[in-house]
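Step one of this worksheet: look at the structure below.
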Amino acid sequence: MNFESLPQGVRAAVQAAQEKKAAGIVVLDLSGRSAFTDYFVICTGFSAPQVQAICTEVEEQLYKQMGRSVRHREGYRSADWALLDFGGFIVHVFSEEARRYYDLERLWRTSPKLEMPDAREGFSISEAGNSPALQQEPYSEGRISSRGHRGRSRT
């Protein structure tokens with residue numbers, strides 16, 4: 001599985017999350033493994049406002065680019081775990097603590113997984129195209145925890 005092989009909506013959701021500096025973006029391919037959706041897009045936000053901003057950006061970009069509206073939304077106000085259901089894919093935006101607790105990657109560990117590199121400051125995948133310079137370390141709890149201290153609230 002690679003980024004270009006993903007459905008347009010999933011790619012748009014990933015790019016929107018990157019625009020709002022989501023970390024640890026992972027796409028799980030659940031097709032044939034789940035009756036309720038084909039893909040999970042999972043990412044981490046470092047504060048309640050960032051979790052909300054990621055959700056808002058994903059919704060706005062999917063509507064702007066594809067005319068798609070979210071079918072169901074959960075947890076936006078709590079900002080510990082927000083879920084956006086677009087039918088063929090679901091976007092999960094977690095706080096660091098909630099992501100560790102629910103550990104969806106472990107629950108669906110037999111599913112094909114695509115780990116997206118974290119966007120560098122002032123840089124996004126949409127600007128890079130297929131640039132090899134974009135390759136960075138994949139998500140890890142240690143990296144996410146250490147990033148939370150760089151001027152980002154950890155509420």
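Got at least one residue in region 1-12 being under 17 Å from Asp80 (Cβ atoms) and either touching a strand residue (DSSP E or B) at 6+ places or on another chain (Cβ under 6 Å) or among the basic types (Lys, Arg) (or both)? Working first, answer last.
Residues of region 1-12 that are under 17 Å from Asp80 (Cβ atoms), as a first pass: none.
Scanning region 1-12, I find no residue that is under 17 Å from Asp80 (Cβ atoms) and either touching a strand residue (DSSP E or B) at 6+ places or on another chain (Cβ under 6 Å) or among the basic types (Lys, Arg) (or both), so the answer is no.
For region 1-110, please list each of the strands (runs of 3 or more DSSP E) lying entirely inside it that holds at least 1 residues being surrounded by 23 or more Cβ atoms within 10 Å (Cβ to Cβ).
Numbers: elements: 23-29, 39-44, 72-74, 81-85, 89-94.
Result: 23-29, 39-44, 81-85, 89-94.
Show the residue pairs that are 6+ apart or on different chains and have beta-carbon atoms under 8 Å apart, the first residue being within region 59-72 and on the phi < 0 side of the Ramachandran plot and of a type in the set (Lys, Arg), the second being in a strand (DSSP E or B) and modelled with pLDDT of 95 or more.
Every condition considered, the pairs that remain are Arg71/Asp85.
For residues that are over 19 Å from Ala16 (Cα atoms) and among the small types (Gly, Ala, Ser), scanning just region 64-110, find the one that is modelled with the highest pLDDT.
Filtering first and then ranking leaves Ala98.
Mind telling me which of the residues Arg11, Arg77 ends up being closer than 17 Å to Pro112 by Cβ, without any contact (Cβ under 8 Å) to a residue 40 or more places away in the chain and not hydroxyl-bearing (Ser, Thr, Tyr)?
Of Arg11, Arg77, the one residue that is closer than 17 Å to Pro112 by Cβ, without any contact (Cβ under 8 Å) to a residue 40 or more places away in the chain and not hydroxyl-bearing (Ser, Thr, Tyr) is Arg11.
The values are calculated or read from the model by the stated rules, or taken from the named source; none is laboratory data. This is a predicted model, so every value here is computed, not measured. Every residue, glycine among them, receives a Cβ derived from its backbone with ideal geometry; neighbour counts consider all protein chains shown.
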